[in-house]
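The values are calculated or read from the model by the stated rules, or taken from the named source; none is laboratory data. Keep in mind that this is a model prediction, so the values were computed, not measured. Every residue, glycine as well, gets a Cβ built from its backbone with ideal geometry; the counts of neighbours run over all protein chains shown. Just the protein is used for accessible areas: all its heavy atoms, side chains included, with ligands, DNA and RNA removed. Shrake-Rupley method; radii C 1.70, N 1.55, O 1.52, S 1.80 Å.
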Amino acid sequence: MGLMSPEQYKDSLNDGRVLYYKGEKIEDVAQHSELSVCVESMAVDYHMAHDPKYKDLALVYDEKLGEDISRYFHVPRDGEDLVKMLDLIIEATRLGDGYIPLAHDIGADALNAISITAATMGNQDYIDRIENYRTFLKKEDLAVVAAVTCAKGDRLLRPSDAGQDNPDTYVRVVEKNEKGIIVRGAKAHISGAAYANEFFVIPCRAMTEADADYAVAFAIQANAKGIKQVARPVKTKIGPLEFPIERPVRVITDSLIIFDDVFVPWDRVFLCGEWQHAAMMVYNFAVMHRRTGSAYRIPLTEQFVGAAQAIAEYNGVDKVPHVREKMTDLVIYLETLKALARAACLDPVVHGGITVPNPVTTNIAKYHFAHNYHDVVKIIQDLAGGLLVTAPTYKDYQHPDLKEDIEKYLVGKAGIPTEHRLRMFDLIRRITRSELEAIVLHGEGSMQAERMTIYAEARKVIKECKKIAEDLAEIK
Ligand SMILES: Cc1cc2nc3c(=O)[nH]c(=O)nc-3n(C[C@H](O)[C@H](O)[C@H](O)COP(=O)(O)OP(=O)(O)OC[C@H]3O[C@@H](n4cnc5c(N)ncnc54)[C@H](O)[C@@H]3O)c2cc1C
């Protein structure tokens, strides 16, 4: 079929999938009044692929197929490939106004993690299956997301522990036959799943021998029998109290996906019982996905810096020493994130024949963003002042009795229209809303997960540094 057009992508979603949203069963997600807005956000990837401006970034010529394919399905061979992918995700996120298109990037991280695991295991069946599936994705250009995080039940118990109230909070194999496997369980928070064509399902943690049934990875169509999704509610419109904007609202839902005895044919199964390899799969996914996550946050951070400077100027305080200091902190935050994300790509490691961003630097990049996020929001809220929460609304501003007074009394620096100030408050409220905090803290894994990886990966560096110190102290 080749590259999908945005229209083909939208049509492909009318496939009989079982999807619930705000307590309603949805017939055609691309036609739904609110979810169609999310579908449009997801379609950014497909628009980019067809825009000559992004050809070099979004597409790669595949020698074997003799055609252009989405860069996301290309196997990264070196640091330059990783940088191009980073730049592609940053650009796509910018076009999505800081929201993430997601049609391919998370899926690509899972695809590469599966390829690495198959190659490291040396399992020829799995190597062939994932290679065939990669070719299928290249040819069909499907929207594919990654279902990694299981519902998990009691976090301190293993999937198979008798103490878990429900043995199905982690996805597991309940039956195998000559045609394939039957799986049951639930994955939570799966971004973009409501309007993806396919899901990669991979384990979310290391497994023990007792958890072998939970060591399962596969690819499945969103409309497969037995799959039910519940998408979280999102705000797809600027509210009537905010100043209207012409640009489309960009937003994506995340789904709880229930697998109720779903059949998966063998050619789509990439791990089944090999519990020793579950950790490797999720580890490699996390490393690549934290590079992806760092790329998502760069456009959002640019918005933070821009909004902080704009409101400081509108308030007339941009030249004050403490404001300049705060702006400097914001720039350090942004530039550190950019530098770490790029450095991780330019100092890669090779796992199972695939080039992977440097694990320590990637985790530090994602951790840097999440760890300092609240301080950054605090700066923006401080610079904005109290009107951020108390300013009259757009409706008040429109009232003939009030407009003149609001313009007169809520004016900031001379020459800046009051409306600009009020519009900037609206934007700051949107980009610092509390809902974003969960995404920042938990998306791509919790901060503790990042710290654990940094420490585990940095042990070699720590040992080398200890040797330097001992040499200096002449300790033999
Ligand atoms: C907006 C959003 C989008 C997401 N998109 C996706 C997606 O597309 N695909 C996907 O697979 N996942 C996705 N996730 C899931 C994300 O990766 C998880 O939220 C993250 O891994 C944390 O898991 P959790 O939410 O279950 O929190 P929990 O695991 O419940 O963590 C809560 C706290 O408990 C701690 N904790 C948990 N277990 C232990 C333990 N055993 N020992 C000690 N402390 C522990 C954590 O460190 C954390 O502090 C998304 C999450 C969000 C918020």
| message | Give me the three principal axis extents of the stretch 1-157 from the C-alpha atoms, as integers in angstrom, largest value leading. | response | 50, 45, 29
| request: Report the calculated FRET efficiency for Glu67 and Asp15 (r = Cβ-Cβ distance, R0 = 22 Å), to the nearest 0.05. | output: 0.35
| field | Straight-distance crosslink candidates among aspartates and glutamates, where the alpha carbon sits under 14 Å from Lys466 and sequence neighbours closer than 8 are dropped | value | Glu474
| query | Rounded to the nearest 20 Debye, what is the dipole magnitude of the chain about its Cα centre when Lys and Arg each give +1 and Asp and Glu each give -1 at the C-beta? | reply | 780
| For the pair Gln164 and Asp382, what calculated FRET efficiency results from E = 1/(1 + (r/R0)^6), where r is the Cβ-Cβ distance and R0 = 41 Å, to the nearest 0.05? | 0.35
| remark: Karplus-derived 3J(HN,Hα) from phi for the stretch 45-54 (6.51 cos²θ - 1.76 cosθ + 1.60, θ = phi - 60°), whole Hz, x at Gly and Pro, runs 4, 6, 5, 4, 4, 9, 9, x, 4, 9
| query | Size of the dipole of the stretch 280-472 about the Cα centre, Lys and Arg at +1 and Asp and Glu at -1 on the beta carbon, nothing else charged, in debye to 20? | reply | 500
| query | Starting at 0 and stepping by 20 Å, how many percent of the alpha carbon pairs of the chain end up in each bin? | reply | 22, 53, 22, 3, 0
| Can you put Met42, Met327 in order of accessible area, largest first, using a 1.4 Å probe? | Met327, Met42
| Which order, highest average first, do 277-283, 229-235 follow once you tally other Cβ atoms within 10 Å for each residue and take the mean per peptide? | 277-283, 229-235
| message | Explain nothing, just compute: Karplus ³J(HN,Hα) = 6.51 cos²θ - 1.76 cosθ + 1.60, θ = phi - 60°, for every residue of the stretch 132-145 in order, whole Hz, x for Gly and Pro. | response | 4, 5, 4, 4, 4, 5, 4, 6, 8, 6, 6, 7, 9, 10
| Which one of Gly273, Ile202, Leu410 has its Cα pushed farthest toward the positive end of the charge dipole of the chain, where Lys and Arg give +1 and Asp and Glu give -1 at the Cβ? | Leu410
| request: Any lysines with Cα under 27 Å of the Lys326 Cα? List them, leaving off those in the same chain fewer than 8 positions away. | output: Lys338, Lys366, Lys378, Lys413
| note | Note, Trp275: beta-carbon cut-off 10 Å, +1 each Lys/Arg, -1 each Asp/Glu, net -4
| For the stretch 280-472, alpha-carbon Rg over 2.2 N^0.38 Å | 1.32
| note | With all protein chains in place and a 1.4 Å probe, Ser33 shows an accessible area in Å² (nearest 10) of 90
| said: Within the stretch 280-472, what whole-number % of the accessible surface is contributed by carbon and sulfur, with the 1.4 Å probe and all protein chains included in the calculation? | reply: 60
| note | Amide H contacts under 5 Å for Arg205, restricted to residues at least 5 apart in sequence or on another chain and with H modeled in the peptide plane, are none
| remark: Non-local residues with an amide H under 5 Å from the amide H of Gly180, with H modelled 1.01 Å from N and Pro and chain starts lacking one, are Trp266
| Given a 1.4 Å probe, how much area per residue of the chain is accessible, in Å²? | 45
| request: Between Arg433 and Thr208, take the C-beta separation as r, use R0 = 35 Å, and let me know the FRET efficiency to the nearest 0.05. | output: 0.30
| Unit charges at the beta carbon, dipole of the chain: most positive-side option, Ile428, Ala312, Met4 | Ala312
| remark: Cα-Cα longer than 20 Å, checked against Lys152/Lys179; Lys319/Lys403; Lys10/Lys64; Lys25/Lys228; Lys64/Lys138, kept in input order, equals Lys152/Lys179; Lys319/Lys403; Lys10/Lys64
| request: Run the accessible area of the stretch 1-86 with a 1.4 Å probe and give the carbon-and-sulfur part as a rounded percent. | output: 47
| task | Enumerate the amide H contacts of Asp68 below 5 Å, restricted to partners 5 or more residues apart or on another chain; note that Pro and chain-start residues carry no placed amide H. | result | Asp62
